[in-house]
Amino acid sequence: MKVILKQDINNLGFTHDILTVKDGYARNYLIPRGMAIIANDTNMKVLGELKRQQSFKEEKVKNEALAIAKKLEGTSLRIAAKAGASGKIFGSVNALQIANAIKEVKNVEIERKRIHLNEDSIKELGHYKAKIKLHKEVQFEIDFEVFAE
């Protein structure tokens with residue numbers, strides 16, 4: 001039976017994929033739980049229109065992400081932290097402080113969830129890089145320095 005997935009399902013497929021699955025799996029599991037719908041002509045037309053509308057929205061979001069990436073390109077941040085004589089920081093530097101530093105320097109607001117550090121948190125003074133994922137196709141690295149206050 002052909003079905004259209006309404007959500008991502010591990011080891012099966014992603015949202016709006018058209019798949020062929022066994023009849024019992026479709027009728028007894030996927031369709032009753034609202035995970036899929038039958039791939040008939042009407043649902044295929046609705047899916048086509050939905051994909052067309054989503055492509056416009058996706059393109060707009062991607063262009064906004066590219067504009068932000070271009071604005072932040074080449075930016076180097078400095079983050080102050082209280083530190084001991086050995087160079088260890090009291091506490092740590094995390095994605096939230098990096099997001100606040102970006103907002104302060106470039107006046108661009110980035111969600112902290114989109115900022116990924118190589119380590120969980122930074123606990124020493126020095127130079128580091130953070131990866132910022134604005135969109136699934138738009139990601140870049142930003143340099144920052146942690147210095148003693």
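Which count do you get for residues in segment 28-42 that are more than 11 Å from K2 (Cα to Cα), touching a residue at least 24 places away in the same chain (Cβ under 8 Å) and surrounded by 11 or more Cβ atoms within 10 Å (Cβ to Cβ)? Of the residues in segment 28-42, 3 are more than 11 Å from K2 (Cα to Cα), touching a residue at least 24 places away in the same chain (Cβ under 8 Å) and surrounded by 11 or more Cβ atoms within 10 Å (Cβ to Cβ).
Summed over segment 122-141, residues that are part of a loop (DSSP other than H, G, I, E, B), surrounded by fewer than 16 Cβ atoms within 10 Å (Cβ to Cβ) and touching a residue at least 12 places away in the same chain (Cβ under 8 Å) total 1.
Select from segment 105-115 the residues that are surrounded by 11 or more Cβ atoms within 10 Å (Cβ to Cβ) and farther than 19 Å from L66 by Cβ and write down the one among them that is nearest to the chain's Cα centre (by Cα). The extreme case among them is R112. With respect to (1) closer than 20 Å to L66 by Cα; (2) part of a strand (DSSP E or B), the lone exception for F90 is condition (1).
Table: residues versus (1) at pLDDT 90 or above; (2) of a type in the set (V, I, T); (3) more than 18 Å from the chain's Cα centre (by Cα).
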site: N40; (1), (2), (3): yes, no, yes
site: L66; (1), (2), (3): yes, no, no
site: T75; (1), (2), (3): no, yes, yes
site: A80; (1), (2), (3): yes, no, yes
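Hey, does segment 20-27 have a residue that's surrounded by 15 or more Cβ atoms within 10 Å (Cβ to Cβ), within 30 Å of E111 (Cβ to Cβ) and of a type in the set (V, I, T)? No, segment 20-27 has no match at all. Could you list, in sequence order, the residues of segment 43-52 that are under 23 Å from the mean Cα position of the chain (by Cα) and either outside any helix (DSSP H, G or I) or surrounded by 10 or more Cβ atoms within 10 Å (Cβ to Cβ) (or both)? Listed by number, the residues that qualify are L50, K51. Within the set E58, E104, E73, E109, the sole residue that is over 20 Å from K136 (Cβ atoms) and of a type in the set (D, E) turns out to be E104. Among the criteria (1) under 19 Å from F140 (Cβ atoms); (2) touching a strand residue (DSSP E or B) at 6+ places or on another chain (Cβ under 9 Å); (3) surrounded by 13 or more Cβ atoms within 10 Å (Cβ to Cβ); (4) not acidic (D, E), the one A81 does not fulfil is (1).
Taking first residues from segment 7-25 that are at positive phi and among the small types (G, A, S) and partners that are part of a loop (DSSP other than H, G, I, E, B) and surrounded by fewer than 10 Cβ atoms within 10 Å (Cβ to Cβ), no Cβ contact under 8 Å between residues at least 6 apart in sequence or on separate chains turns up. Can you confirm whether E58 is at pLDDT 90 or above, surrounded by fewer than 15 Cβ atoms within 10 Å (Cβ to Cβ) and not in a loop (DSSP other than H, G, I, E, B)? Spelling it out, it is not the case that E58 is at pLDDT 90 or above, surrounded by fewer than 15 Cβ atoms within 10 Å (Cβ to Cβ) and not in a loop (DSSP other than H, G, I, E, B).
Would you confirm whether or not segment 70-80 contains a residue that is in a helix (DSSP H, G or I), charged (D, E, K, R) and over 24 Å from L12 (Cβ atoms)? Yes; the residues of segment 70-80 include at least one that is in a helix (DSSP H, G or I), charged (D, E, K, R) and over 24 Å from L12 (Cβ atoms).
The values are calculated or read from the model by the stated rules, or taken from the named source; none is laboratory data. On a predicted model such as this, the values are computed, not experimentally measured, just so you know. Ideal geometry is used to build each Cβ from the backbone, glycine not excepted, and the neighbour counts take in all protein chains shown.
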